[in-house]
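S.K.: Starting off with a structure, shown below.
The values are calculated or read from the model by the stated rules, or taken from the named source; none is laboratory data. Values in this document were obtained by computation on a predicted structure and should not be read as measured data. All Cβ positions, glycine included, derive from the backbone under ideal geometry; neighbour counts span all protein chains shown. Keep in mind that these areas ignore ligands, DNA and RNA; they rest on the heavy atoms of the full protein, side chains included. Shrake-Rupley method; radii C 1.70, N 1.55, O 1.52, S 1.80 Å.
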Amino acid sequence: MDTIRLGLEWFLNPDHTPLLLAKEHGWLEDAGLNLEVIEPEEHLDAVGAIEDGDMDVAVTEPLHLVEDRAAGRPVVGFTRFLHTNGGVMYRPDAGIERPRDLAGARLQYPGAPGPGGPAIAGSMVEADGGAYDPDTFTPVDYGFYHTDALIDGEADAATLAFYNFELVEAAHRGLDAEFFALKNWGIPDFCQLVLITTPRPA
């Protein structure tokens, strides 16, 4: 049996169902593989973990793959794992009716208070004819737990939310939440998960 240590991009959730089913039904064992799933406690530097020998493969977003390649880091993406509709999930009772209403919102996003969340939400504001200053967003750091931030009343909106997970979770938990898809408001559809690793010497 060959062991593959695979790091997740965030906490275990329905996006990872194919991996769980493959383990449960023994399909990986039939192929001679033992899959060890590593669930990060916070946002993970997957490339660094692979370089350090802590994992072999990681699930990540194409955005991070592009950033790492642009920075000259040794990383390759080799397959798409999941494709979904991504965007901003928001509470209508926060006075948000359209993307330009996000300007100045309390914004939950992984990596807060970094620039990623305001860049995404701000681009949508501008695509809707609004204007924004990145500094007017109030960054909220609930890690990967978008729905919790909205339910707890700590945030008005959250990005990057996946329609197949956070919107379903919000409905099950009784939260009245709505959604702006990135692809409808000026941002290319990059809402995928891909598998990455580092090149191996020949």
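S.K.: Scanning for something acidic (D, E) and open to solvent by 40 Å² or more (accessible area, probe 1.4 Å), does the stretch 155-167 turn up at least one residue?
M.R.: no
S.K.: When only residues in the stretch 138-154 that are in contact with a helix residue (DSSP H, G or I) (Cβ under 6 Å, 6 or more places away or on another chain) and open to solvent by less than 10 Å² (accessible area, probe 1.4 Å) count, which is nearest to L182 (Cα to Cα)?
M.R.: Ranking the qualifying residues of the stretch 138-154, first place goes to H146.
S.K.: Quick check, is Y163 without any contact (Cβ under 8 Å) to a residue 60 or more places away in the chain, of a type in the set (F, W, Y) and closer than 26 Å to L8 by Cα?
M.R.: Criteria not met by Y163.
S.K.: Only one of these is of a type outside the set (G, A, S), open to solvent by 20 Å² or more (accessible area, probe 1.4 Å) and closer than 27 Å to D68 by Cα: P118, P134, P92. Name it.
M.R.: Step by step, each of P118, P134, P92 is checked, and only P134 is of a type outside the set (G, A, S), open to solvent by 20 Å² or more (accessible area, probe 1.4 Å) and closer than 27 Å to D68 by Cα.
S.K.: Can you name the condition, by its number, that T84 falls short on among (1) without any contact (Cβ under 8 Å) to a residue 60 or more places away in the chain; (2) open to solvent by less than 30 Å² (accessible area, probe 1.4 Å)?
M.R.: (1)
S.K.: Another question about this same structure. State whether the residues of the stretch 3-26 include one that is among the hydrophobic types (A, V, I, L, M, F, W, C), touching a residue at least 40 places away in the same chain (Cβ under 8 Å) and under 16 Å from P199 (Cα atoms). Give the derivation first.
M.R.: From the stretch 3-26, those among the hydrophobic types (A, V, I, L, M, F, W, C) are 4, 6, 8, 10-12, 19-22; that's our starting set.
Adding the requirement that they be touching a residue at least 40 places away in the same chain (Cβ under 8 Å) leaves 4, 6, 8, 10-11.
With the extra rule that they be under 16 Å from P199 (Cα atoms), the set shrinks to 4, 6.
Yes, some residue in the stretch 3-26 is among the hydrophobic types (A, V, I, L, M, F, W, C), touching a residue at least 40 places away in the same chain (Cβ under 8 Å) and under 16 Å from P199 (Cα atoms).
S.K.: I've got another one for you. Any idea which residue in the stretch 188-202 is nearest to D54 (Cα to Cα), counting only those that are open to solvent by less than 20 Å² (accessible area, probe 1.4 Å) and in a loop (DSSP other than H, G, I, E, B)? Quick ask: steps written out before the conclusion?
M.R.: Restricting attention to the stretch 188-202, the residues satisfying the condition of being open to solvent by less than 20 Å² (accessible area, probe 1.4 Å) are 191, 193-194, 196, 198.
Applying the additional criterion that residues be in a loop (DSSP other than H, G, I, E, B) yields 191, 198.
Details: C191: 26, T198: 12 Å.
So, considering only residues that are open to solvent by less than 20 Å² (accessible area, probe 1.4 Å) and in a loop (DSSP other than H, G, I, E, B), the one nearest to D54 (Cα to Cα) is T198.
S.K.: Among the residues of the stretch 1-49, write down those that are over 16 Å from F81 (Cβ atoms) and of a type in the set (A, V, I, L, M).
M.R.: The answer is M1, A31, V47, A49.
S.K.: If you go through the stretch 55-69, how many residues are part of a strand (DSSP E or B) and of a type in the set (A, V, I, L, M, F, W, C)?
M.R.: 3
S.K.: Further, regarding this structure: Got a sec? Which of G87, G72, G77 is assigned to a loop (DSSP other than H, G, I, E, B), small (G, A, S) and either within 24 Å of L107 (Cα to Cα) or modelled with pLDDT of 90 or more (or both)?
M.R.: Checking each option against the conditions leaves just G72.
S.K.: Residues V140, V194: which one is in contact (Cβ under 8 Å) with a residue 12 or more places away in the chain and more than 23 Å from V47 (Cα to Cα)?
M.R.: V140
S.K.: For K183, which of the numbered conditions (1) at positive phi; (2) open to solvent by 70 Å² or more (accessible area, probe 1.4 Å) fails to hold?
M.R.: It fails just one condition, (1).
S.K.: Let me ask you something else. Does the stretch 5-32 hold any residues that are more than 19 Å from the chain's Cα centre (by Cα) and surrounded by 15 or more Cβ atoms within 10 Å (Cβ to Cβ), and which are they?
M.R.: Across the stretch 5-32, the qualifying residues are R5, A22, K23, L28.
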